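Reading through the structure tokens given below for one structure.
The values are calculated or read from the model by the stated rules, or taken from the named source; none is laboratory data. Nothing here was measured: the structure is a model prediction, and the numbers come from that model. Glycine gets a Cβ as well: all are built from the backbone with ideal geometry, and neighbour counts include every protein chain shown.
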């Protein structure tokens, strides 16, 4: 099975919880309150993964623990691709900052964005 097919089969539980985190991070970036730390930070039932140079942008991914292994696999295999829905929320060190919510359908994530 191709890796993108695996992602299509994902059905993350408690999607709204991760969308709330996604939206909160967007707000933090827009208000210049997000503390950039490159790498993976365990937040209990999800990870915040910050990449410094994916597609010439900083990426902040919200990754539910239940799909973390798939994310890591895709991160390695799809080095020059978007790993799902993302939004540009600002700039840091001259690069766009993109935030994504891995494993959450983009239509659902976009529906909950309230700015």
Discussion item. Can you tell me which of (1) in contact with a helix residue (DSSP H, G or I) (Cβ under 9 Å, 6 or more places away or on another chain); (2) at pLDDT 90 or above; (3) closer than 17 Å to residue 74 by Cβ is the one residue 57 doesn't meet?
Written reply: (1)
Practice prompt. Test residue 80 against the stated conditions and say whether it is at pLDDT 90 or above and over 17 Å from residue 103 (Cα atoms).
Written response: no
Discussion item. Taking the condition of being surrounded by fewer than 22 Cβ atoms within 10 Å (Cβ to Cβ) and over 14 Å from residue 41 (Cβ atoms), how many residues in the stretch 55-66 meet it?
Written reply: 4
Item to complete: Tell me, yes or no, whether the stretch 103-114 has at least one residue that is touching a strand residue (DSSP E or B) at 6+ places or on another chain (Cβ under 7 Å) and modelled with pLDDT of 90 or more.
Response: no
